[in-house]
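Q: Once you've had a glance at the structure underneath, I'll fire off some questions.
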Amino acid sequence: MNRRRSIGAILAVMCAPLAWRAATGEPLKVDLSGESVGAEPKMLVPVVGIWRIENDGDKKVLTVDGRQWKEGQSSAGIADKARVLYGERYAEFLDRVQAYAYFPYAVAKDVEDFRNGEITVRFEGLSGRIDQGAGILFNLKPNGDYLTVRANCLENNLVLWQFVRGKRSSVSWVRNTPTASRQWHDLKVRIAGTKVEGYLDGKLYLQHKLATPVSGKVGLWSKADSHMYFDGFTVSRAE
């Protein structure tokens, strides 16, 4: 076995537990403790916006930094990242990325097809004059269409958005959901076929039934000039 094959075999073994957890009923938890500060996350693929690891006190968190945002931007090396996510269909995916450049997002690369279960994350809004949005992205298709449930520290609402053929529209909108800036909050999405539930800080606020069942990749989402911290991203499948 040559050196290149040896390295490939080692990487395959290292990644196997993550892929196995994503394919079974065990939760996939994004552990940031071994990540490098200042670098992009290893278990999430940034597609739009600036995503990196930072220190928050004595722990590491994932940051989406929109402070330099003007009109949105794709992540660095987006073509290679699209290949990681969708292989030969990467060009189809890239066609839609620029249409969503206003909305930063990163995709969990070890979750191939999430259909039923829960996705949770903790977030804190640091700054943002236009937005301080934190969302859970799901139902991401190879053509770039997806859904997201997002909270916003400036608007105090919880919204289910859909993105189809480069256009965004609201599916369900819930107001009066207290989401203070500079405080940590818990966001959860529960999926059961076509049923979507959105929870903020443990309280069920949003319920909606989709026209078709959920099936696709998942990740984290934000908007415009939002500067947010994320931690504890977990994907739990249900049978």
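Q: Within region 179-191, is even one residue small (Gly, Ala, Ser), in contact with a Leu (Cβ under 9 Å, 6 or more places away or on another chain) and modelled with pLDDT of 95 or more?
A: Yes, region 179-191 contains a residue that is small (Gly, Ala, Ser), in contact with a Leu (Cβ under 9 Å, 6 or more places away or on another chain) and modelled with pLDDT of 95 or more.
Q: Please go through region 132-144 and give me each residue that is touching a helix residue (DSSP H, G or I) at 6+ places or on another chain (Cβ under 7 Å) and open to solvent by 10 Å² or more (accessible area, probe 1.4 Å), ordered by number.
A: Selection gives 142, 143.
Q: Would you confirm whether or not region 20-27 contains a residue that is of a type outside the set (S, T, N, Q), surrounded by fewer than 16 Cβ atoms within 10 Å (Cβ to Cβ), touching a strand residue (DSSP E or B) at 6+ places or on another chain (Cβ under 9 Å) and modelled with pLDDT under 55?
A: Checked region 20-27: at least one residue is of a type outside the set (S, T, N, Q), surrounded by fewer than 16 Cβ atoms within 10 Å (Cβ to Cβ), touching a strand residue (DSSP E or B) at 6+ places or on another chain (Cβ under 9 Å) and modelled with pLDDT under 55.
Q: To continue, here is another question. Would you tally the residues in region 179-215 being outside any loop (DSSP other than H, G, I, E, B) and surrounded by 14 or more Cβ atoms within 10 Å (Cβ to Cβ)?
A: Here the count works out to 18.
Q: So, one more: State whether the residues of region 11-19 include one that is of a type outside the set (Gly, Ala, Ser), modelled with pLDDT of 95 or more and out of contact with any Ser or Thr (no Cβ under 8 Å at 6 or more places or on another chain).
A: No, there is no match, as no residue in region 11-19 is of a type outside the set (Gly, Ala, Ser), modelled with pLDDT of 95 or more and out of contact with any Ser or Thr (no Cβ under 8 Å at 6 or more places or on another chain).
Q: Name the one entry in 218, 149, 174 that is assigned to a strand (DSSP E or B) and either touching a Cys at 6+ places or on another chain (Cβ under 8 Å) or more than 21 Å from residue 116 (Cα to Cα) (or both).
A: Going through 218, 149, 174 in turn, just one is assigned to a strand (DSSP E or B) and either touching a Cys at 6+ places or on another chain (Cβ under 8 Å) or more than 21 Å from residue 116 (Cα to Cα) (or both): 174.
Q: Out of curiosity, is residue 236 under 19 Å from the mean Cα position of the chain (by Cα) and of a type outside the set (Asp, Glu)?
A: yes
Q: Next question. Please find, within region 151-178, the residue that is farthest from the chain's Cα centre (by Cα) out of those that are closer than 22 Å to residue 109 by Cα and either of a type in the set (A, V, I, L, M) or open to solvent by less than 10 Å² (accessible area, probe 1.4 Å) (or both).
A: Among those that are closer than 22 Å to residue 109 by Cα and either of a type in the set (A, V, I, L, M) or open to solvent by less than 10 Å² (accessible area, probe 1.4 Å) (or both), it is 164.
Q: Tally the residues that are open to solvent by 10 Å² or more (accessible area, probe 1.4 Å), under 19 Å from residue 228 (Cα atoms), in contact with a Gly (Cβ under 8 Å, 6 or more places away or on another chain) and modelled with pLDDT of 95 or more, restricting the search to region 113-131.
A: 2
The values are calculated or read from the model by the stated rules, or taken from the named source; none is laboratory data. From a predicted model like this one, the values you see are computed outputs, not experimental measurements. We place every Cβ from the backbone using ideal geometry, glycine too, and count neighbours over all the protein chains shown. The area values use the complete protein model at the heavy-atom level, side chains included, leaving out ligands, DNA and RNA. Shrake-Rupley method; radii C 1.70, N 1.55, O 1.52, S 1.80 Å.
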